[in-house]
Amino acid sequence: MRDFDDSPIVRNGNSLILAYDHGLEHGPVDFEPVPESANPRHVFEVAKHEAVTALAVQKGVAETYYPEYEDEVNLLVKLNGTSDLWDPDDYYSPKNCTVQYAVEELGADAVGFTMYAGSDYEGSMFEEFRRVQEEARRYGVPVVMWAYPRGRPIKNDKKTSIISYASRIGLELGADMVKCKYPGSKTAWEEVVAVSGDMKTVMSGGSKTSDEAFLEQVHSVISAGGNGLAVGRNVFQRENPEAILDKLEGVIFEEKQPDQVL
Amino acid sequence: MRDFDDSPIVRNGNSLILAYDHGLEHGPVDFEPVPESANPRHVFEVAKHEAVTALAVQKGVAETYYPEYEDEVNLLVKLNGTSDLWDPDDYYSPKNCTVQYAVEELGADAVGFTMYAGSDYEGSMFEEFRRVQEEARRYGVPVVMWAYPRGRPIKNDKKTSIISYASRIGLELGADMVKCKYPGSKTAWEEVVAVSGDMKTVMSGGSKTSDEAFLEQVHSVISAGGNGLAVGRNVFQRENPEAILDKLEGVIFEEKQPDQVL
Amino acid sequence: MRDFDDSPIVRNGNSLILAYDHGLEHGPVDFEPVPESANPRHVFEVAKHEAVTALAVQKGVAETYYPEYEDEVNLLVKLNGTSDLWDPDDYYSPKNCTVQYAVEELGADAVGFTMYAGSDYEGSMFEEFRRVQEEARRYGVPVVMWAYPRGRPIKNDKKTSIISYASRIGLELGADMVKCKYPGSKTAWEEVVAVSGDMKTVMSGGSKTSDEAFLEQVHSVISAGGNGLAVGRNVFQRENPEAILDKLEGVIFEEKQPDQVL
Amino acid sequence: MRDFDDSPIVRNGNSLILAYDHGLEHGPVDFEPVPESANPRHVFEVAKHEAVTALAVQKGVAETYYPEYEDEVNLLVKLNGTSDLWDPDDYYSPKNCTVQYAVEELGADAVGFTMYAGSDYEGSMFEEFRRVQEEARRYGVPVVMWAYPRGRPIKNDKKTSIISYASRIGLELGADMVKCKYPGSKTAWEEVVAVSGDMKTVMSGGSKTSDEAFLEQVHSVISAGGNGLAVGRNVFQRENPEAILDKLEGVIFEEKQPDQVL
Amino acid sequence: MRDFDDSPIVRNGNSLILAYDHGLEHGPVDFEPVPESANPRHVFEVAKHEAVTALAVQKGVAETYYPEYEDEVNLLVKLNGTSDLWDPDDYYSPKNCTVQYAVEELGADAVGFTMYAGSDYEGSMFEEFRRVQEEARRYGVPVVMWAYPRGRPIKNDKKTSIISYASRIGLELGADMVKCKYPGSKTAWEEVVAVSGDMKTVMSGGSKTSDEAFLEQVHSVISAGGNGLAVGRNVFQRENPEAILDKLEGVIFEEKQPDQVL
C-alpha cells in the first residue's frame, strides 16, 4: 500500500464506499425492492450525499453517467466482475476495464478488484491483480481489494481466521484497502486489523438488515480500528437512503455511537 | 455507453440493422428459401433501402463488397462469430476481426460482438469484450452487443428475467446498444428497458414469421421504449424484402401502428 | 477477399498450385512411389512448368531451396501444419511461420492456412486466421484457405453441404481463395460456387488417381465456375509429372475438354 | 549465475536472509507464537541486525514499510507466492511482482522466486523463471531460487538426491543462489555443493527448533561449503530474535563453531 | 535451413557437439560414473579439444563458465529443457532462454531446441520453435533441433521411419541441423539423409557404450552422408575423454575408418 489519506475517497482516515455493481453481479433482481434503484441516475443522486466518499460501479455505468456527476461524486471503478448467470467450475472474476481506461477515460479516483483467494483460479487472479496494482501505481490511484475467499477449500467465509488471512493477502500483494465480510464481532475485526498492518480495512455491507443491527456492526468495525464500510443493498434497497447515510456519517466519520445517531 | 445519436446507424433515436452473418453462423442452409440471398451483392442492394440504418456482416463479406456500396450503406462489422459445424463444450464466439481492421480497412460505422453470458466461457468473453469496447472508443465507433445468454445454467433464453439481465450486462460492460431476443410482450420489453438505463435496446428478428406477427413484435418493442430491430432472415428470406422494409420503416422511425402499414 | 487477379499465382483468373507439404503432413511415406520426390529440388524443378502458378511449401523448404528458383517459381508459403505422428484430441494446425517471415525473408507471393472448421479448435483457428489474414493484408499477399472441415461433428467431409459451408466460411472470414475437397460432381461444385461470392475456389487434388478420372474432376470444377486446382500427389507421385501438367494446363487455363488433352 | 559477491546481500561470501512472506504463504497462524510479529515494522526492526544481509518480503509489505528502513535494511523482493487457502491440483506459485517494479519502485537489492520442480506446473514455472531471470540481469540484481521440489513424483523432499537435483536446476537455469531444505547432514550438503558449481547454496530455516539443533544444522552447511541461511520462523517466532541472530552471525560470517556462540 | 558451413560449429561440413545439459535433463545421477563431471569447468576443459565444434549447455551453465572459455570453446545454448523430476501428462520442454539472451548476453554461436513430435504438445512446440527459428535468423545463428519423437502414438522411437520423419520435420520447419537417435545401421541413416534435403543430420550419442561399438555407429552415420555427432555421456562419463575425442576426430573430420583410430 501507499499512503492515500489525501485521496478524495478518504475522509478523516475512513471511507464509505457506495457499491453499485449489483446489476452485473446479482442481476436486476437486486433492484426489485426499490425499482428506481435500477436507474443508475437514482444511485448517483444518492452518492452525492457527503457521507459517501466514493461510488463503486462497473465501466459501462461510469461511462454513461459519471460525466453528469463528476463534480459531486468520487468515482471508484470496479475493474473485474461477472454475472450470476455464470456457473463456472470455480470462482473467477474477469477483468472488464483496464486501469488506464478507468483513470484516463472515466476519471476514476480509485479502482477495485475482487480477489477469490482459495479458488482454483487464485493463481490467475493473483497474476491479474499484479498487473492491476502496478498499473494503478503508475496512475497514482488507490486499489481496493474485495477480499472474498471462496472455493472448495473455504468451508466458512465468515470465520475470523479466514477473513484475517484474506485481509493479510491484501497487504502482502499491495492493496491499499480491503473490503471484507463482517466476521461477527468487534474482537474479530480487531484480529483482522492486527494482521493488516497500515492497510485500511472496510466492512462489506452485505444483504439488507435493520438500522440497529447494521449500525452496531459498522461501529464495531470503527472501534476495532477499521476504516469504514463499502455498502450497496443496505443503502439503495431502502426507500430513504439519505436517512441511513446520515447515521453512517456519524458513526464512520464523527466518532458517534449508534445510539447517538438512531 | 457513449451518446451516439448522431451516428449514421441511428435515425430519430432508433435503428434497423440488417444482419447478414448467417453464412457463417448457420451456413448456406439459410439461403435456401431465396437462393439469390447467398450472393452478398443481393443483400447489399437490399440494404440500400432507407429504412436500413446499418448492414451487419463479417469481415470477409465487408472487405469484398463494401467498396461498391460505401456511399449507400452504413457498415456494422460483426467482430466475432463461429460456424454451426462446431460443437464446442460450451458457447463461445472467437474474434474474427479487430476493431482497428474494421474501422481503418473496412470503413465500419459500428462494430458488433456476440456475448454468451452464462456459458462456461463468459469470463473469456467478458475479457475479449473489454478489449473490443476500449478499442472501439479509441476509434469512436459504437459497439452493439448481441446479448444472448446461453449455456448450462440458461434453461430458457426467452425468459424476461434472463433477457433483462443480459441487457443490463450490456450496460454494465459498456455496450452502446444491445440486441436481445424478443421476450414475448410489450410488458416484458418494458422490464428490459427499465434496467438498461440510457443504453439502446433492439429486438433480434429471429426466424421468419408472418408480417403481422413480426410487425406487432417490433411495434411492441418501440412502444415499450426500445429502439428498433436487428433482422436477417425476416428480410432476406422474403421474395420482396423491400415491402417488409417499407413497413418496418413506418413502425420504427415514423411512429406508425402495424395496422397503418399493413 | 481482395481482388488479386494481377497476382502471379493467378493466370487468366485461375490457378494451379503445386502443393508439397507432404513431408510434414504425411511424412516420408508419400515419397515412396517416386523416391526422388523426397528431394525438394526435384519438385522445384517440376514447379518450373508454366502450368504451375505457385508452389506451396512449408517455411524450411522455402528457406532452403527457393533462393535457387525465385526467378522461375511463384512461392506460396503454407503457414501452419502438423505431423502425422501427432494424435491430438481434435484437429488443430499450429502456425509454423509468420506472414512477415514468409514475405520479407522467404519472398512469398501468397500464404496458405489450414482451417479445420468443426474441430474443437475451430475457435482458436478462427482467431489465428484473423491474425494471419490481417497481417497478409498489410503485406499485400493473397491468403489461400485449405478449407477442411473435420472433427467429431463432421461425419462426411465430402458431402456437398459441408464443403459449401467450408467455402462460405472462407468468404466470411476474408480468404481470397479456398481449397476444398472434390464433392463428386460438377453440380456439387456449382453449389459451392453459388455460396462463395467473388472468392476463388480450387479443388484439392487428393490421393493419386488415373489421368482420365482426375482430369474429369478438374474440368468439372472449371466448368462449374471454379478456379482450378491445388495438387500434390497426383503430380509428384507420377514418374512423368510434366505430362500431367501439360494436360492440366489445357483444362485449367485454355478452356480445353479432357478428351482434347488426353 | 553472475558473480555477486559485491552485492549488499552477501558478506564474506555468505548470506543470512530473513524471510518474512509467511503472512501470504502460511497465513496469520505463523504470527501466533509472537503476536507482534504480525506487524511488519517489528520484523523490519529485527532485520536491522547486522547479521541479516537481506529481508525477503512480498511486494505489498516492501511497498508499505521499506521506505522507513531503506538505509538500514537490504531488500529482497519475493516475486511469486500463493496463499495456503488454495488447494490447486498441483503446486504452482503465481507472480505477484515484476522485477521492474521490485527494483525501480521498491528498491530491491535482490529478487526471489519459488520453483516447484516436479509439479505438473514445472514447465510453466521454468518459463516464468526465464522471464524473471533475464529481467533481473537487465536490472543487475541477483536472483535467489527457493528450490523446492514438489508434486506427485516427489515422495520425499528432504532426500539428498532430490535436494541436489533441485540445486542443480538452479545452476542450469541461471539462479545466483538457491535456498534448499536441509537434507539432514553435512555430508548431504556436500553432495549438494558438489553439483552446484559456483552457485551459492543456503539452507532453508524451516519450522522452529532449539538453538542447539538449529545452529548445528547451519554450521554443517557452512562447513560443507554452503553459504548460509534463509530463515523466518526460527527468528521471528522467538521472543528474543536478536539473541539467535548474534549466534548465527558467529557461525555464518565469523567461522565460529556452535559451541563458541551458545 | 540456411547455409552455415562457415559457422564455427562446423568443420569440413561436419560437427561434433559435446552435450552437457544432463544436470537438468537427467539430474546429478549422470555425474556419478565420473564425479568431477559434475563440475562444469571439467567439461569446459574437455570441450577445448579441437574435435569439439561446440559445447551445448543450458543458460545458467553458459552464463557462469563461458566467460572463462569463450576464446577456446564454441557455445551452443540449449534453449529448452526440463527436469526428470517432472512427470507431465505428455512430453513437453519449456523454454529456459531466449535467442536474444543466448546470443547477446551469453555469446552463443548456435542454439538448440528439443522437439517432441508426436506428443500431445507437438502443436505448442511447433509454435515455440517458430518463434525460436525466426529469432535465430535475426541473430544469424544456426538452430539445431533435438528431433525426438515421443508420446502415446510413438511406439518405437528408434524405428527408421520414425527417425526419418522426425528429421524431415526439422527440414520442413526450418532447422539447420537435426540430432536424431541412431536407428541401427548405415542403411537406416541413408534413409534419414534421403529425406532431409540439404539439412545436416547428426547422431545422438546416447548412453555409454564401448569404443568399438560407438565408433562403428558414428562411422556409419558419416559414411551414410550424415554430419557427425552430438554426444554427452559417451564422452564425459569416461575417465579419459580426450582419448575418445581423438578417435572421433579421425572418424568425423578426417575420413578415417574405426579400425584406423582404435
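Over all residues in C:17-28, what is the mean tally of Cβ atoms on other chains that come within 10 Å of each residue's Cβ?
For peptide C:17-28, the averaged partner shielding equals 4.
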Given a cut-off of under 8 Å on Cα pairs at least six residues apart, what relative contact order in percent is computed for the range B:15-261? 18 percent
When you look at the Cβ of every residue in A:82-94, what mean number of other chain Cβ atoms sits within 10 Å? 6
Assume the label is 7 Å from Cα along Cα to beta carbon: what separations in nm does residue A:198 have to the matching positions in the other copies? 4.1, 4.1, 6.6, 6.6
Counting only other chains, and only Cβ atoms inside 10 Å, what mean value do you get across the residues of C:123-135? 4
Dipole of chain E (Lys/Arg Cβ +1, Asp/Glu Cβ -1, origin at the Cα centre): which of E:262, E:209, E:37 lies farthest to the positive side? E:209
Scoring only Lys, Arg, Asp and Glu (+1, +1, -1, -1) among other residues with Cβ under 11 Å from the Cβ of residue B:175 yields +2
Rounded to the nearest 0.05, what FRET efficiency do residue A:223 and residue A:90 have when you use their Cβ-Cβ distance and R0 = 45 Å? 0.80
Along the positive direction of the dipole of the range C:122-164 (beta-carbon charges: Lys, Arg +1; Asp, Glu -1; about the Cα centre), which of C:164, C:123, C:144 reaches farthest? C:164
So, in Å, what gap is there between the alpha-carbon centers of the range B:1-78 and the range C:53-118? 34 Å
For the range D:195-253 and the range B:163-224, compute the distance between their C-alpha centroids and round to whole Å. 69 Å
Please list the equivalent ellipsoid semi-axes of the protein assembly as shown, computed as the square roots of five times the alpha-carbon gyration tensor eigenvalues, in descending order and whole angstrom. 53, 53, 20
For the range B:15-261, what number results from the quotient of the Cα radius of gyration and 2.2 N^0.38 Å? 0.94
Give me the dipole magnitude in Debye, nearest 20, for the range E:14-167 about the Cα centre, with unit charges on the beta carbon: positive for Lys and Arg, negative for Asp and Glu. 640 debye
Measuring label to label, 7 Å along Cα→Cβ, what does residue B:70 give against each other copy in nm, shortest first? 3.3, 3.3, 5.4, 5.4
For chain B, what is the charge dipole size about the Cα centre, in debye to the nearest 20, if Lys and Arg each add +1 at the Cβ and Asp and Glu each add -1 at the Cβ? 780 debye
Once you place label points 7 Å from the Cα toward the Cβ at residue D:131 and residue C:36, how far apart are they in nm? 5.2 nm
How large is the helix-only mean residue ellipticity at 222 nm for chain A, computed as the sum of -39500 (n - 2.57) over DSSP H runs with n ≥ 4, divided by its residue count, in deg cm²/dmol to the nearest 500? -11000 deg cm²/dmol
Could you derive backbone 3J(HN,Hα) for the range B:118-132 from the dihedral phi with the Karplus parameters 6.51, -1.76 and 1.60 (θ = phi - 60°), listing whole Hz in sequence and x where the residue is Gly or Pro? x, 6, 4, 9, 3, x, 5, 6, 4, 5, 5, 4, 4, 4, 5
Put a label point 7 Å from Cα along the Cβ direction on residue D:139, then list its distances to the equivalent points in the other copies in nm, shortest first. 2.3, 2.3, 3.7, 3.7
Check the straight Cα-Cα distances from residue E:158 and name the lysines below 26 Å, setting aside those fewer than 8 residues away within the same chain. E:78, E:95, E:179, E:181, E:186, E:200, E:208, E:247
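Kindly put C:106, D:79 in sequence by how many other C-beta atoms sit within 10 Å of each C-beta, fewest to most.
Result, fewest neighbours first: C:106, D:79.
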Output the antiparallel fraction of DSSP beta bridges having both residues in the protein assembly as shown, as a percent to the nearest 5. 5 percent
Report, for chain A, the % of DSSP beta bridges that are antiparallel, rounded to 5. 5 percent
Under unit Cβ charges (Lys, Arg +1; Asp, Glu -1), what dipole magnitude, rounded to 20 debye, does the protein assembly as shown have relative to its Cα centre? 2420 debye
Anyone know which of C:100, C:217, C:133 comes out most mobile in the 10 Å Cα GNM of chain C? C:100
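A short reminder: the numbers here are calculations on the coordinates, not readings from a lab. Fair warning: this is a prediction, and the values are worked out from it, not measured in the lab. Reconstructed Cβ throughout: ideal geometry from the backbone, glycine too, with neighbour counts over all protein chains shown.
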